[in-house]
Amino acid sequence: MIKKTIILFLAVMLITIIVIPASLSLLVSRGMEPEKKPSLWEGPGVKLLINETGEIRTIPLEQYLVGVVAAEMPAVFEMDALKAQAVAARTYTLRKMQFQNDRHPEADICDDSNHCQAWLSDEAMQARWGMTGYTAYKRKIQRAVQETQGLVLIYDNQLIDPVYHSTSGPRTENSEDVWQIAVPYLRSVECIWGADSPRYQEEKRFTWEELDRLLGTSFAVLPATTLTSSNTIQTISSTATGRVKEAQVAGKIFPGTELRKILGLNSTNIKLSGNNRGLTFTTTGFGHGVGMCQYGANGQAKEGRNFAEILTYYYTGVKLMQLTGYR
């Protein structure tokens with residue numbers, strides 16, 4: 001009995017050590033090895049300045065874009081809106097990399113959305129979404145980046161400057177009405193999809209004393225009965241979409257963009273009302289209004305438009321191009 005047990009044990013060991021490995025080797029030699037997906041090129045290294053710490057990180061482009069999309073667009077948005085954002089952000093980044101930046105010549109781009117593009121690290125994503133949300137949302141954003149890998153926007157065979165904003169209101173803005181430069185692909189288009197934005201309309205109230213402090217005026221010393229919205233701030237000129245281009249405040253001329261910045265308003269699409277205590281600014285839209293409207297992109301995606309249709313709607317006359325070396 002003991003002898004039979006020993007023989008059986010030796011037979012099992014022989015099969016484990018010799019026969020199974022030999023069989024696996026034969027399967028591999030016959031081409032039956034499990035198929036491996038080819039690795040995807042992640043693009044050039046992006047030198048990113050982290051403004052809070054002054055650190056410069058070099059991150060492969062496609063990895064960097066995951067952090068940009070996470071920071072710039074709500075992760076709950078439709079997949080094709082996220083894809084449109086990924087293409088715009090990729091184009092924006094590569095265009096930035098073509099020129100040295102005077103503000104941070106040692107870096108290609110920074111994480112300040114007022115100067116370049118916002119960006120989130122993995123730790124910041126976890127803090128924003130929690131661990132459960134982090135896993136699901138990051139995977140979703142990675143898919144948006146991967147499925148548009150290497151796609152950029154061009155006009156006249158050059159990378160475009162694909163500026164974007166949160167919420168446009170009824171129409172997007174012409175570039176020259178914000179930055180004095182007419183760009184052929186940054187034309188005003190109708191945008192009826194942004195009303196779902198939580199920043200679509202906002203009221204902001206200022207006392208006369210607050211306006212004096214911010215604008216350098218002297219409203220508070222005047223008789224309250226003489227102060228109205230119509231005789232304190234007058235619109236001198238408007239853009240093609242009805243936004244404030246220039247305003248006169250107590251004899252001073254302010255570009256609408258500067259007035260928005262000083263008062264912290266959501267946009268230059270402004271309506272005024274007031275009484276003897278101060279003024280109320282009602283704004284429609286959020287952001288400069290030029291280029292792609294992010295809430296508009298999501299609204300179009302909900303209606304079934306794909307990312308390419310969304311992008312070519314907001315950027316007039318552009319084409320999508322696949323960069324070589326990606327696939």
Residue identified as under 25 Å from residue 115 (Cβ atoms) and in contact with a Leu (Cβ under 9 Å, 6 or more places away or on another chain) among 214, 272, 227: 214
Kindly evaluate residue 289 against the criterion of being surrounded by 15 or more Cβ atoms within 10 Å (Cβ to Cβ) and within 28 Å of residue 159 (Cβ to Cβ). yes
Provide a single number: the residues in region 210-243 that are within 30 Å of residue 186 (Cα to Cα) and touching a helix residue (DSSP H, G or I) at 6+ places or on another chain (Cβ under 9 Å). 8
Give me a count of the residues in region 90-129 that are touching a residue at least 60 places away in the same chain (Cβ under 8 Å) and within 21 Å of residue 152 (Cα to Cα). 11
Name the residues in region 301-317 that are of a type outside the set (A, V, I, L, M), in contact with an Asp or Glu (Cβ under 7 Å, 6 or more places away or on another chain) and surrounded by 23 or more Cβ atoms within 10 Å (Cβ to Cβ), would you? 307
Residue match in region 297-319 (condition: touching a His at 6+ places or on another chain (Cβ under 9 Å) and modelled with pLDDT of 95 or more): no
Of (1) within 19 Å of the chain's Cα centre (by Cα); (2) not assigned by TED's automatic domain parsing to the domain that holds residue 51, residue 92 satisfies every one except (2)
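Residues of region 192-208 being among the acidic types (Asp, Glu) and either surrounded by 13 or more Cβ atoms within 10 Å (Cβ to Cβ) or touching a Leu at 6+ places or on another chain (Cβ under 9 Å) (or both), which ones?
202
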So, in region 179-235, how many residues would count as being under 21 Å from the mean Cα position of the chain (by Cα) and of a type in the set (Lys, Arg)? 2
Please indicate, with yes or no, whether at least one residue in region 318-325 is in contact with a Lys or Arg (Cβ under 7 Å, 6 or more places away or on another chain), part of a strand (DSSP E or B) and either surrounded by fewer than 16 Cβ atoms within 10 Å (Cβ to Cβ) or free of Cβ contacts under 8 Å to residues at least 60 places away in the same chain (or both). no
Tally up the residues in region 269-295 that are without any contact (Cβ under 8 Å) to a residue 60 or more places away in the chain and in contact with a Lys or Arg (Cβ under 8 Å, 6 or more places away or on another chain), please. 1
Hey, residue 54 hits all of (1) at pLDDT below 90; (2) at positive phi but one; which does it fall short on? (1)
If the requirement is being polar (S, T, N, Q) and closer than 21 Å to residue 162 by Cβ, which of these qualifies: 225, 232, 312? 312
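The values are calculated or read from the model by the stated rules, or taken from the named source; none is laboratory data. Everything quoted here is computed from the prediction, not taken from an experiment. Virtual Cβ from ideal backbone geometry, glycine too; neighbours counted across all protein chains shown.
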